[in-house]
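The values are calculated or read from the model by the stated rules, or taken from the named source; none is laboratory data. Bear in mind that the values here come from a model prediction, so they are computed numbers and not experimental data. Here the Cβ is made from the backbone with ideal geometry for all residues, glycine too, and neighbour counts use every protein chain on show.
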Amino acid sequence: MNQKNDLVKKALALGVSSYQSANFPQAKSLFQKVLQLDDNNFYALHFLGIILLQEHNYKIAHLLLVKAQSLKPKDAEVAHHLGLAFKGLGDANKASYCFAKAVKLQPSLAVAHLGYADVVSSMGRYEEAIKAYLAALKHDSTLIKAHNNLGTVYRKKADLASAIAFYKSALVLDPSRLDIHSNLLMCMASSDGVSPSEYLKEALCYGTQAQKTADSYTDWPLLDKSSGKTLNVGFVSGDLRNHPVAAFIESFIGCFDDGKISLTAFSTTSQVDKVSERLKGYFKDWHCIEALTDKDAATLIYQSKVDILIDLSGHTAGNRLSLFAWKPAPIQVSWIGYFASTGVSEIDYILTSNALSPPEYESHYIEQQWHIDSAGCLKVPSVDVVVESLPALKNGYVTFGSFHSLAKLSDAVIETWCEILHRVPNSKLFFKCKELVDSAFRERLIAKCEGFGIDGNRLLLEEASPLPEYFEAYNSIDIGLDPFPYNSGTVSYHSLWMGVPYIALKGDRILSRIGFANLSQVGLGALVANDREGYVERAVQFASNIEELASIRAGLREKAVRSGLFDGLKIANELEHVFRDMWQCHLQKDNK
């Protein structure tokens with residue numbers, strides 16, 4: 001018995017030492033050996049459970065940690081780790097219970113507050129999450145994740161000033177975290193409290209940080225340098241799946257002349273779905289670079305002989321912008337997925353339109369603007385939903401509508417919309433979005449509107465739904481309302497396709513000129529205002545002319561489909577010329 005105990009003690013000590021030295025494979029093996037000798041050893045159960053959490057083996061980790069907790073039910077760290085196991089298994093309720101128990105057992109355990117905050121945040125309980133994140137920081141102000149996630153919560157609440165402050169405090173702790181830097185830039189680009197010059201200054205800091213770990217290519221000898229060759233165009237994106245970006249590129253990628261353009265995909269995620277499988281048919285090659293380092297991904301792109309590499313993500317989730325600092329292709333372009341400068345000087349061009357970004361906006365970018373007629377084209381929805389007559393004709397009142405994420409609806413936006421309701425008697429406002437599945441969101445939205453003097457019975461609230469029901473819901477709206485300064489993207493296309501015109505406010509950067517650009521293409525520039533007062537006036541004016549609204553609705557889908565908003569062949573033809581011109585510019589520079 002003593003010999004067995006000695007073996008257990010020795011293996012356990014070596015296991016702990018290996019764990020503390022980050023030699024996790026060896027530690028795992030030693031803890032497993034301990035459990036073979038003593039299956040009730042608390043420390044082996046706990047440590048092995050932690051290692052399995054790191055390996056994302058949540059099911060076995062959960063079993064080990066439950067057993068460990070039975071041996072020491074008042075151990076706060078075991079409760080915390082069991083919470084992580086339940087979180088990994090997707091059981092938010094049990095996870096939050098475990099984290100709460102850990103906090104009760106040891107109030108100073110910062111990571112338990114953090115775990116609780118993450119779970120309740122995922123459940124939409126944002127006020128609770130904020131309190132828990134702040135409690136975590138009270139006990140450990142160096143928790144980068146708490147700073148970053150507080151920023152994300154505030155961004156979801158449309159409080160961009162607070163979000164920016166917390167993202168900045170996270171970056172102070174670790175300036176090398178490019179993912180956090182992207183979060184910060186997303187918020188800054190979306191905020192009317194940040195000027196384009198302030199944004200660009202911060203974006204350039206990102207670019208400088210990305211360059212620190214890059215060894216940029218300066219020559220591409222593998223490429224055929226002839227001017228008339230078939231150009232190999234690569235797309236880098238994490239959104240080549242059921243995502244708005246995919247709906248945009250699918251509108252045109254099947255329209256290219258194969259003799260002029262060949263396509264290669266570099267997906268930044270291993271996640272695939274039916275859309276991914278459909279998209280694969282348009283690409284000559286499809287590579288998943290999720291697990292590759294920037295160096296290895298750059299080598300792959302370089303060896304794939306890509307002539308023009310296009311980033312479709314910018315600073316959105318899943319981006320690999322730092323990869324572009326390696327300059328794996330001689331021509332690099334930013335397009336579609338983002339609405340401001342990337343800050344990466346190795347990206348040569350940003351594809352945009354005059355309406356979105358006129359020539360005088362050149363100072364907003366490190367990239368050179370390359371203007372095309374229509375900077376975005378959406379695939380025509382594949383749902384059989386007809387545009388019905390104007391709902392106000394049968395309702396006897398006007399229904400305004402917003403199908404946008406609540407994260408875009410700041411207090412200023414809500415206040416403006418409530419002013420419109422005050423000015424248009426008996427009108428209603430229809431909100432539809434995924435966040436409204438949560439009662440806390442619904443109550444908070446109602447409370448905001450009531451705070452601006454609008455009774456809750458004038459609001460129609462509906463959660464997200466499958467596409468046929470989603471498009472059918474547009475038949476309940478007379479006039480759409482576009483958020484500002486962050487205009488709608490895909491929703492604006494859907495609205496026009498369903499015959500619903502919308503009021504937009506034109507700002508001083510791309511993301512606040514999308515409404516202006518899209519409405520101009522269908523002859524509805526009169527619905528665009530230059531300030532909040534004009535926004536309200538236009539909404540009131542159009543709400544008072546039911547006959548004109550009915551007339552606009554009757555012909556809007558046809559106008560939209562005929563415009564550049566849905567004409568994939570038109571944009572494909574234009575892009576063929578654009579890519580050829582970019583290639584010629586490169587050859588001319590190369591020959592100097």
Which condition does Arg442 not pass, out of (1) surrounded by 15 or more Cβ atoms within 10 Å (Cβ to Cβ); (2) within 20 Å of Val536 (Cα to Cα), if it passes all the others?
(2)
Taking the criterion of being without any contact (Cβ under 8 Å) to a residue 24 or more places away in the chain and either under 30 Å from Ser382 (Cα atoms) or assigned to a loop (DSSP other than H, G, I, E, B) (or both), would at least one residue in the stretch 567-578 satisfy it?
yes
Could you tell me which of the residues Ser191, Ser169 is among the polar types (S, T, N, Q), farther than 25 Å from Val413 by Cα and not assigned by TED's automatic domain parsing to the domain that holds Leu511?
Ser169
Residue check for Gly525: touching a residue at least 24 places away in the same chain (Cβ under 8 Å) and under 31 Å from the mean Cα position of the chain (by Cα)
no
Quick check, is Leu171 among the hydrophobic types (A, V, I, L, M, F, W, C), crowded, with 21+ Cβ neighbours inside 10 Å and within 27 Å of Phe86 (Cα to Cα)?
no
Flag for Glu290 being surrounded by fewer than 24 Cβ atoms within 10 Å (Cβ to Cβ) and under 23 Å from Leu569 (Cα atoms):
no
Which of the helices (runs of 4 or more DSSP H) found entirely inside the stretch 383-467 contain at least 1 residues meeting this: over 23 Å from Gly499 (Cβ atoms) and under 30 Å from the mean Cα position of the chain (by Cα)?
411-423, 439-451
For Ser251, state whether it is surrounded by 14 or more Cβ atoms within 10 Å (Cβ to Cβ) and within 30 Å of Leu587 (Cβ to Cβ).
yes
Counting just the residues of the stretch 554-581 that are hydrophobic (A, V, I, L, M, F, W, C) and buried (at least 20 other Cβ atoms within 10 Å of the Cβ), which one comes out farthest from the chain's Cα centre (by Cα)?
Leu556
Counting only residues that are more than 27 Å from Tyr493 (Cβ to Cβ) and either of a type in the set (S, T, N, Q) or modelled with pLDDT of 95 or more (or both), the stretch 225-258 contains a total of 6
Filtered residue count, the stretch 267-288, keeping only those that are within 21 Å of Lys327 (Cβ to Cβ) and free of Cβ contacts under 8 Å to residues at least 40 places away in the same chain
3
Being assigned to a helix (DSSP H, G or I) and surrounded by fewer than 20 Cβ atoms within 10 Å (Cβ to Cβ) is the filter here, so list the residues in the stretch 537-553 that pass it.
Glu537, Arg538, Val540, Gln541, Ile546, Glu547, Glu548, Ala550, Ser551
How about the stretch 250-350: which helices (runs of 4 or more DSSP H) wholly inside it have at least 2 residues that are of a type in the set (Asp, Glu) and not assigned by TED's automatic domain parsing to the domain that holds Ile514?
294-303
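Using the structure shown, decide if Arg241 is free of Cβ contacts under 8 Å to residues at least 40 places away in the same chain, under 20 Å from the mean Cα position of the chain (by Cα) and surrounded by fewer than 21 Cβ atoms within 10 Å (Cβ to Cβ).
yes
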